[in-house]
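Take a look at the structure below.
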Amino acid sequence: MHALSLLPLLLPALIASHGLILSPAPRTVTDASLDACGRAITTAITKDNTSYVEQLTPLAAQPGSGYNASACNLALCKGLQYAPTVTLADGEPTVPLYTPGTVLPMKVWIRIPHAGIANVSVVDTKTNEAIAVLKSWDVYAAGKVGSLPKDNEEFEVTVPDTACRCAFEGQCVVQWWWFGTQVRQTYASCVDFRSVAEGVRCERPME
Ligand SMILES: [Cu+2]
């Protein structure tokens, strides 16, 4: 059951899920996600305000869903893919580069709170391995909109030294993950980034 709530007009409604990262800019539905996850899932993520992972999973099994299991892992960023964009000037990807030790302020939006647990981690997108847990909450989103602890929606994380594992766009994400333990619903939202220490040279991995 979801309490009826008025959609705050000033907040982005790109992904009207129970919650998502507001800043830095999170992954959103793109053609890359459509190719990997199919129309049933990407339409649900775009339009359905209860598009938690457990609801997307059965959509994947629908005939004609277009879901590609090897490309779309719903347990990682709800299946949303890295979508290359480049600056016109220099051809560089528009994925932010954070040197290790960078303090990254983050804002998330909890639209419908469900008490549970949450964490923020750096995830290797190829292996879905959490390289580092940057923050975690034993109790999260326990309360009502407007009375949640401030650090549930506004917090800082420190970018770890990940050697060359996150040196190039698409290799890693900062993933915010929240599981409502009573309702058994999983929400996730991801930020693409690159990270390499000053003076360290990394080789771009073979595709
Ligand atoms: Cu719910």
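The values are calculated or read from the model by the stated rules, or taken from the named source; none is laboratory data. Given the structure is predicted, the values throughout are model-derived calculations rather than measurements. In this analysis, Cβ positions are derived from the backbone assuming ideal geometry, glycine residues included, and neighbour counts consider all displayed protein chains. These accessible areas exclude ligands, DNA and RNA; they are computed on the full protein's heavy atoms, side chains included. Shrake-Rupley method; radii C 1.70, N 1.55, O 1.52, S 1.80 Å.
Checking the condition in contact (Cβ under 8 Å) with a residue 60 or more places away in the chain and open to solvent by 40 Å² or more (accessible area, probe 1.4 Å), which residue from T181, T186, T158, T162 passes?
Working: T186 fails: open to solvent by 40 Å² or more (accessible area, probe 1.4 Å); T158 fails: in contact (Cβ under 8 Å) with a residue 60 or more places away in the chain; T162 fails: open to solvent by 40 Å² or more (accessible area, probe 1.4 Å).
It is T181.
Scanning the stretch 109-124 for residues that are out of contact with any Pro (no Cβ under 9 Å at 6 or more places or on another chain), within 16 Å of the ligand (Cβ to nearest atom), more than 14 Å from S136 (Cα to Cα) and not in a loop (DSSP other than H, G, I, E, B) gives a single hit, I110. Using the structure shown, decide if A61 is touching a residue at least 60 places away in the same chain (Cβ under 8 Å) and more than 14 Å from the chain's Cα centre (by Cα). No, not satisfied. Here D138, D124 are screened, and the one residue that is charged (D, E, K, R), touching a Lys or Arg at 6+ places or on another chain (Cβ under 9 Å) and either at pLDDT 95 or above or closer than 25 Å to S33 by Cβ (or both) is D124. Quick check, is V95 open to solvent by less than 40 Å² (accessible area, probe 1.4 Å), in a loop (DSSP other than H, G, I, E, B) and either closer than 30 Å to G146 by Cβ or not charged (D, E, K, R) (or both)? For V95, the condition - open to solvent by less than 40 Å² (accessible area, probe 1.4 Å), in a loop (DSSP other than H, G, I, E, B) and either closer than 30 Å to G146 by Cβ or not charged (D, E, K, R) (or both) - is met.
Between L11, L76, which is at pLDDT below 95 and either out of contact with any Lys or Arg (no Cβ under 8 Å at 6 or more places or on another chain) or surrounded by 12 or more Cβ atoms within 10 Å (Cβ to Cβ) (or both)?
Numbers: L76 fails: at pLDDT below 95.
After applying the criteria, what remains is L11.
Given the options S136, S121, name the one that is without any contact (Cβ under 8 Å) to a residue 24 or more places away in the chain, surrounded by 12 or more Cβ atoms within 10 Å (Cβ to Cβ) and under 17 Å from G19 (Cα atoms). Checking each option against the conditions leaves just S136.
Yes or no, residue by residue, for (1) β-branched (V, I, T); (2) away from the ligand (no atom under 16 Å from the Cβ); (3) not in a strand (DSSP E or B):
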position: G146; (1), (2), (3): no, yes, yes
position: P160; (1), (2), (3): no, yes, yes
position: C166; (1), (2), (3): no, yes, yes
position: W176; (1), (2), (3): no, yes, no
position: Q182; (1), (2), (3): no, no, yes
position: T186; (1), (2), (3): yes, no, no
position: G199; (1), (2), (3): no, yes, yes
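Against the numbered list (1) open to solvent by less than 40 Å² (accessible area, probe 1.4 Å); (2) within 16 Å of the ligand (Cβ to nearest atom), A83 comes up short only at (2).
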